Amino acid sequence: MSGTMKETAADTRPDGVGTKRRRSNSGQLPPGATQAVPKRPRVSAATLGIPLAYLAVTVFGVWWIDIRPAAVAAGFGDIARLLERMVPPTTGPFPDLLALTLETLWIAVAGTGLATIASVFLAAAASRHFTGPRVVRWLAQGIIIVTRAVPSLIFAILFVRIFGLGPLAGGLAIAFHSIGMVGKMMADVFEEQAPSPREAIASVGANRLQNFVSTTLTRALPAVTSLVIYRLDINVRASAILGLVGAGGIGVALQTAIGSLNYRRAAGIILVIVCLLLILELVAYLVQRAVAEHADEHTQSQLHVAGAAQADPGWNRSRVLRTAAAVSALMLFLFSLSQLSLNPARLGQAWDNAAALLSGFVPPVFTEQILLGIFESVIMAFTATFFGVLLGLIIAVLSTRHLIRFEPLSLTLRAVVVFMRGIPDIVYALIFVAALGLGPFAGFLALSISCTALASKFFTDSLQNVDPAPLRALEATGAGRVQVFVSGVWPQFVPSFIGNSLFTSDLALRESAVLGIVGAGGIGFLLDESVATLNYQQTAGILIGLIVVVVALESVARWARRKVI
Amino acid sequence: MHKSFKTVTALAAASLLLTACGASPNARPASTGGSSDAPQSLVFAVVPTDNSKELEESFKPIVAAIEKETGLPTTIEAVSSNAGVIEAQAAERVDVATYGAFSYYLAQNVADVTPIAMDQRTPAAGSGAVQSLGVVAAGADIKELADVEGKDVCFTDPASSTGYLAAAAGLIAIGLDPKNDINPIFAGSHDVAVTQMLAGDCDVAFVAGTFITDLLPARGVIKDGDVDTIWTSPDIPGTPMVIGNWLPEDLRTQITDAVLKYNAVTAAEAGLCPENQRESLAPWGNEYAGKMACQWGGTGAFAFEPATEEDFASIREICETTQAEVCRNE
């Protein structure tokens, strides 16, 4: 099989970490030893070209959006008057709100869990290291891209036809849209791994499944758990979509409160959501510590102690804790599935209903408006990403231990980021509309804030997962913190920095529905409009446009990863 | 690598050049709203209502009329959220707006605005009013409103006057509590409420009348005889056009005159929509048959008629009857 040959060839290249370590060492040589210094590695086209491309789009975007910082200052009074109407927050009867929160949480857990299970298989097949048939790999990559590009709104209207009104349609809509992100990021994690353990296990005769479980999946576990908990966080926040399937919940309550200008109740609901997100963040942090192979200082595998037999892992307190946590997560997931209330009687007519709906989507219609909407959204998403990535990088560096080791600062920053995330885009949009009036500038600011929250989350996670061995080695040679960061942390961080920046644009593109709230158009507004007026042929055109853009972004990201990993 | 580097640099340079020459398409005069004395331009915001399509396009003739009458450049902003427009009005950054009657009820509490006009479907006064309909699958046991007691009832969403509030007021009027005497299900949109009622997820659906009479049949989602109407609400006022009181009085008069002066046909004759004309609609009567007309607003109205605050009193009454959560904003 030619595919297998190629994979093996790719795997036997010197791995990324090794290359970078050599590079960092060369940087540590005394200045006099010029003869021994090897030539500086050439800067890759991806590390230079992608940031430059972003800069170019941003310069255009700044002109196109007509950014006028002075206008924000002039609108402070209006912002203050709006914020005054949000305090003091009220929650209404608290038990009711709590019930809504739990309802939402169960649906989100079920959806995220289903997506995770599907994603493990899809990501394994979509990863560059997959050695099976190429067709399977392409298929897996296709599913991941399409589920990501298609907004959950579309899955919701489809599943409500199939399964009827209720939590099941909502849970599945969440699950399908989540596959796109969880699957993609999981595949990235698999690809970033060093190939040596995999080769070692393969050379002793393990088959593909054994190899995957024992090397790839176990090593990916810390990153995967934090990814899954983050997606749960997104799904709780995005739960307004459940209103479209008659499932209710806290997102719908928030949407209704904002729609009826009851901002004090909206603020109360947002506070409850923020508390939930803080709990999830804490869980993510604890889980990450418990399953990370080299949590903080230890650089070797600390996951298992020796057991009775030589090759058996033994039990110690942390393994018991890990297992208990895994079992309770599984129980939670199973319980949440039982909350979805499947009605098998409905499935009889499911196919006819779905076919009737889907036949309305063909033939897709493209209009000039759709092209313009995509253009607007892409420009806004890229420009917002540029600023979001800069701010997010600063926040991430300050909230990890690499440069500044001041615990209160990093904890505060993490809480601030969670708070930023907990406030829905529409609230930012309203605040900026009050200050600036309707138009792209207000939308751009709202989108930049969500990009900052996204980017700082991604960057913090990958800065934390940096392999500490090279850093300790550098420290041993007497390198200062900045030197360690520049030559130890940064080279390891570059692949995920570029990948996650592109992915932030990808997510921002889908969040550009917020532009509709401020009258800045964009593809999200057209999509909502086409669905609300049942113009499904136009919806299909928009979806195809979205898929094309997401595929393009994904191709750039893949090309960049090949260059830098 | 060199090649791609050059391409990128070229692109960067090109975009810089582009930026250097010419104003942004989104640039606007600095003094949009905010100041009460003689604004240099106007902002007209529109929110999609239940049956609007091609929102921006359909308001262009009206904006053309306003520009002609006032001499001020006017921008249209199509906005997906009523809260977005209302907050912009509260900050005096939107001068004229159209949105649903319930949004006007919410807006009057926070923004200094007055309705000047409301849409008219036909030449008859008050023809812009809409109704909420209660529908059941053809042949169902439910024959009148009282029969819905104890049933699963699909509504649109709690903040929709045609999809919930009017029906809730109707239920209260016959002594049924819309929270406890029925099992309410909020389907999120009018079309989903109807299709899921037909699929058996609920026994009766309350939705905006135009979905039953025009929109869903036109899209082939329901056919003649699929549904029986068991209840029709009293008239709910149509789409108001609302103006900011911070504008100088003569300007407000000019805008009102501009909107009321034309109907869809005379607007076409006055050349307000040279590129986007359609034939007059049948309900407009013989007088206009065969003449060309403009798209006059998002609902495809015939004209606008003068309106005052009093025309929207029925929304306040519905709110007082239902004491709905969405009606209270403190």
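Structure summary
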{"item": "Segment B:180-227 - residue that is part of a loop (DSSP other than H, G, I, E, B) and among the small types (Gly, Ala, Ser) and, of those, nearest to the chain's Cα centre (by Cα)", "result": "B:Ser189"}
{"item": "Elements of type helices (runs of 4 or more DSSP H) contained in segment A:373-478, each with 1 or more residues being under 17 Å from A:Ala284 (Cα atoms) and out of contact with any Asp or Glu (no Cβ under 7 Å at 6 or more places or on another chain)", "result": "A:407-422, A:440-464"}
{"item": "Residues located in segment A:60-73, provided they are more than 7 Å from chain B (Cβ to nearest Cβ), out of contact with any Leu (no Cβ under 8 Å at 6 or more places or on another chain) and touching a residue at least 12 places away in the same chain (Cβ under 8 Å)", "result": "A:Gly61, A:Val62, A:Ile67, A:Arg68"}
{"item": "Residue within segment A:432-447 that is touching a Ser or Thr at 6+ places or on another chain (Cβ under 6 Å) and at pLDDT 90 or above present", "result": "no"}
{"item": "Selection within segment A:422-448 - more than 14 Å from chain B (Cβ to nearest Cβ) and either surrounded by 24 or more Cβ atoms within 10 Å (Cβ to Cβ) or more than 21 Å from A:Ser377 (Cβ to Cβ) (or both)", "result": "A:Gly422, A:Ile423, A:Leu447"}
{"item": "Any hit, segment A:521-540, residues being in contact with a strand residue (DSSP E or B) (Cβ under 9 Å, 6 or more places away or on another chain), within 14 Å of chain B (Cβ to nearest Cβ), closer than 26 Å to A:Ser448 by Cα and not in a helix (DSSP H, G or I)", "result": "yes"}
{"item": "Restricting segment A:212-249 to residues that are assigned to a helix (DSSP H, G or I) and within 14 Å of chain B (Cβ to nearest Cβ), the residue that is surrounded by the fewest Cβ atoms within 10 Å (Cβ to Cβ)", "result": "A:Ala240"}
{"item": "Selected residue [surrounded by fewer than 18 Cβ atoms within 10 Å (Cβ to Cβ), under 19 Å from the mean Cα position of the chain (by Cα) and either of a type in the set (Asp, Glu) or not assigned by TED's automatic domain parsing to the domain that holds B:Thr213 (or both)] from B:Asp250, B:Asp235, B:Asp311, B:Asp257", "result": "B:Asp235"}
{"item": "Members of segment B:145-163 that are in contact (Cβ under 8 Å) with a residue 60 or more places away in the chain and out of contact with any strand residue (DSSP E or B) (no Cβ under 6 Å at 6 or more places or on another chain)", "result": "B:Asp147, B:Pro158, B:Ala159"}
{"item": "Subset of segment B:120-165 (residues that are touching a Cys at 6+ places or on another chain (Cβ under 6 Å) and more than 25 Å from B:Glu317 (Cβ to Cβ))", "result": "B:Asp152"}
{"item": "Residues that are surrounded by 17 or more Cβ atoms within 10 Å (Cβ to Cβ) and within 28 Å of the chain's Cα centre (by Cα), drawn from segment A:469-483", "result": "A:Pro470, A:Leu471"}
{"item": "Test result for B:Pro283, modelled with pLDDT under 90, part of a helix (DSSP H, G or I) and away from every other protein chain (no Cβ under 14 Å)", "result": "yes"}
{"item": "Considering residues of segment A:81-97 that are in a helix (DSSP H, G or I) and among the aliphatic types (A, V, I, L, M) only, the residue nearest to A:Leu254 (Cα to Cα)", "result": "A:Leu97"}
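The values are calculated or read from the model by the stated rules, or taken from the named source; none is laboratory data. Predicted model only: the values in this text are computed from it and were never measured. We place every Cβ from the backbone using ideal geometry, glycine too, and count neighbours over all the protein chains shown.
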